[in-house]
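**Student:** Can you read through this structure? Questions will come right after.
Every number in this text was worked out from the coordinates using simple rules, so none of it is lab data. As the structure is a prediction and not an experimental result, all values here were calculated from the model. We place every Cβ from the backbone using ideal geometry, glycine too, and count neighbours over all the protein chains shown.
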C-alpha cells in the first residue's frame, strides 16, 4: 500500500481541528494560540474511544522486553529502549506534543506560543493552574530551568541538539506564566523540534531524577532498572478526570516477546505493547484485544558511514538495492507496514514522495564489484528491540545472498544491544517513533545528534539544515527539505525498508487505547486507558 493510499484510508478516522494547529506563513509571525482543552485536539477516532464511559480504578500492568541496568526515569535522558519512553510519557509533559495522528503539533503545558516575524524571539505562555506532582505550580522559572538543563553544554541531554540555537543565558521570565526565548539565529522549526516531549518534559527547579517529579498523569512510586517501575495516579492532573487507573506498573524484565505474551495470557499483565505480528491470530483466538496503529514506527538497518565497508557510498547504495521491501514487510512484519524508501518522517508536510527505490540485484552486484567488495561478508547485529526487527534481519540476510553478500546475523540481548556498543555497531538495526523531518535530523543525522548511529557528517547537509531552520518562507523550506531528502536517499546510512504499524495486545478488561500514528503506543501516554 502506498503512503497516499494509507493517508486516504485514514482520512475519515483522523480529522484535526485545524484552526487550533500550528500555522506557518511566509514573512509573518508564528502563532499556536487559542487552543481549547487538549481533548478537543484528539482525532475523531479518539473522541469515539473517549465517548465510552471510562471506569475509575484498578492497576494497569504493562509488560515488555528491553529493560536493562541503563533504564532511566530522567525527563531529558531516555535511552533508545522502548520502556524508557513509556515511563517518561507517564511522568512528564512538554510544552507541546504531536497530535495522536502525528501530523500536527498541539499544545501540552503551553497555552500559547508565538514568535516574532523573523523567528528569533519566541514567547511561551503556560496554562493556568498546572501543578507538579508535589503540588507546586508550574512557572516560567521551571521552563527556563528545564531548557538550560537539557542544553547544558557541559552535560547535554537528548534534546540538546534540537535547541542548539537557543540562547540559554538570555531566557527571561516575563511573569510567572510567561517566558521570553531568544535565539542566536532565526529558528522557524522550533515547535517541531520540541514536539518530542519524551525529550522535553518540563521539570521543577532543583529536579532530582532519582526522585522524579513531573506534571504527568502518574507519579513516581518505585523503580528497579531492568525490572519494573510503579506509578500512582496524579489526582491533580491538569486534564480533569484523568488518568483513570489508580496504579501503573511497567514490567520490562521479560526476556522475549513470547514470554511477555505468555504472561498476558496467564493474567500476570494486562497490556503488551509492541506485540509480535506473528501472534495476532493466536491472540485473537485466545480472546485478547488487538489494537492496530497506523504506520509511524520505523526500524531501519543502520550503516556506519565512517566504518568499512560502509564508508564507500557504493556499498551503501548496493545494500539498499538488495532489499525487496514488500517481501520484508510480508515476511518480517506479517504485512503490518507500508513501503519505506530510505527517507524518514513519513507524515511530514515537506516529504518528497517522488523518492522511491525498487530492488535491483544486478545493480547491487555491479556496485559491490566497483567498490572492490565482491563476495562481501559482514555482521548484522540485532536484538528483540521492536516487533519484527529480528525477523527483518533474517529476511535481509537472505535477500543479500542474491547480490553476493554474506550477511551474518548476530542476535544479542536487548540490554547488550543498548549497552556500551550502542551507536557503534558498523551494521545494526534500531527503532524510531515518528518525528517531523527537521526534528529527526537533529536527533540522528548531525555530528551533535544524541543518536548518531550512522555517524553521518556532511558539511553541505548541515548548512542546508541550518538554512531550513532560519527560513520563515514555507515554499523555500520545502525546497530545502527536498534537497536534504535527496541526500538522505542517495548517500545516507539508513535502509528504511518500511514504516511499521504497531499491534498492542490487551486483556478484555482494557479500554481507551488510541490508534496512534506516532510509532509509540498508546498515544497519549496512559491517561486515557481504563479497566472494566
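**Student:** Please find the FRET efficiency linking residue 236 to residue 490, where r is the Cβ-Cβ separation and R0 is fixed at 41 Å, and quote it to the nearest 0.05.
**Tutor:** 0.20
**Student:** Calculate how many DSSP beta bridges within the chain are antiparallel, expressed in % of all such bridges and rounded to the nearest 5.
**Tutor:** So the antiparallel bridges in the chain amount to around 80 percent.
**Student:** How far apart, in nm, are two points set 7 Å out from the Cα along the Cα-to-Cβ line at residue 467 and at residue 114?
**Tutor:** With each label point 7 Å from Cα toward Cβ, the separation is 3.2 nm.
**Student:** When only Cα pairs under 8 Å and 6 or more residues apart are kept, what is the percent relative contact order across the chain?
**Tutor:** In percent, rounded to a whole number, it is 22.
**Student:** Could you work out [θ]222 nm for the chain from helices alone, using -39500 (n - 2.57) per DSSP H run of at least four and dividing by all its residues? Round to the nearest 500 deg cm²/dmol.
**Tutor:** -7500 deg cm²/dmol
**Student:** What distance in nm separates the simple spin-label points at residue 53 and residue 210, each placed 7 Å from Cα in the Cβ direction?
**Tutor:** My value for the distance between the label points is 4.8 nm.
**Student:** Explain nothing, just the number: relative contact order of region 135-284, from Cα pairs under 8 Å at least 6 residues apart, as a whole percent.
**Tutor:** With pairs under 8 Å counted, the relative contact order is 15 percent.
**Student:** Which ordering of 198, 434 is given by a fewest-first count of other beta-carbon atoms within 10 Å?
**Tutor:** So the ranking, lowest neighbour count to highest, is 198, 434.
**Student:** I need the calculated FRET efficiency for the pair residue 411 and residue 128, taking r as the beta carbon distance and R₀ as 45 Å, to the nearest 0.05.
**Tutor:** 0.30
**Student:** If you average the C-alpha positions of region 381-442 and of region 96-137 separately, how far apart do those two centres end up, in angstrom?
**Tutor:** Spelled out, the Cα-based centre of one part sits 35 Å from the other.
**Student:** If a/c stays under 1.5 just call it rounded; otherwise compare a/b with b/c (prolate if a/b is bigger, oblate if not). Do that for region 94-207, with a ≥ b ≥ c from the square roots of the Cα gyration tensor eigenvalues.
**Tutor:** rounded
**Student:** Rounded to the nearest 0.05, what FRET efficiency do residue 311 and residue 398 have when you use their Cβ-Cβ distance and R0 = 30 Å?
**Tutor:** Step by step, r from the Cβ atoms, then E = 0.75.
**Student:** Semi-axes of the chain's equivalent ellipsoid from the Cα gyration tensor, sqrt of 5 times each eigenvalue, largest first, rounded to whole Å?
**Tutor:** 34, 29, 21
**Student:** Put a dot 7 Å past each Cα toward the Cβ at residue 69 and residue 366; how far apart are the dots in nm?
**Tutor:** 5.1
**Student:** How far, in nm, would the chain grow between residue 258 and residue 460 when pulled straight, counting 0.36 nm per residue and subtracting the alpha carbon separation?
**Tutor:** Extra length from residue 258 to residue 460 when fully extended: 68.2 nm.
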